[in-house]
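Enquirer: Submitted below is the structure of interest, expressed as structure tokens.
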Amino acid sequence: MTQADWVLELLRCPLTGQTLAPVTLDGQEFLQTPSGIRYPVLDGVPVLLVDAAIQPGTQP
């Protein structure tokens, strides 16, 4: 387990409480829930704010 892995296990979606997994779409980094809600990662820092959530089927 790397340093980033144990931190990722602690993070949760503020809307649903679901776990988050890193994904890259069109060159942009996100943390995504199993249901498809995405949160942007800016300069290596996840923006886990409800207002920053990108719902499934919408573009950032």
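Enquirer: Among ARG12, ARG38, which comes first, then next, by fewest other beta-carbon atoms within 10 Å? Display every interim value, and only then the final one.
Expert: Working: ARG12 13, ARG38 22.
Ascending number of Cβ neighbours within 10 Å: ARG12, ARG38.
Enquirer: Let me ask something else about it. Restricting things to Cα coordinates, could you compute the convex hull volume per residue of the range 3-52 in Å³?
Expert: 77 Å³
Enquirer: Still on this structure, I have one more. Please report GLU29, GLU9 as a ranked list, fewest other C-beta atoms within 10 angstrom at the top and most at the bottom.
Expert: Values: GLU29 16, GLU9 11.
By the 10 Å Cβ count, ascending, the order reads GLU9, GLU29.
Enquirer: If you add up the charges near GLN18, with Lys and Arg at +1 and Asp and Glu at -1, over every other residue whose beta carbon is less than 15 angstrom from its beta carbon, what do you get?
Expert: Local charge sum for GLN18: +1.
Bear in mind that the values in this text are calculations on the coordinates, not laboratory data. Here the structure is a predicted model, which means the values were calculated and not measured. Cβ: placed from backbone, ideal geometry, glycine included. Neighbour counts: every protein chain shown.
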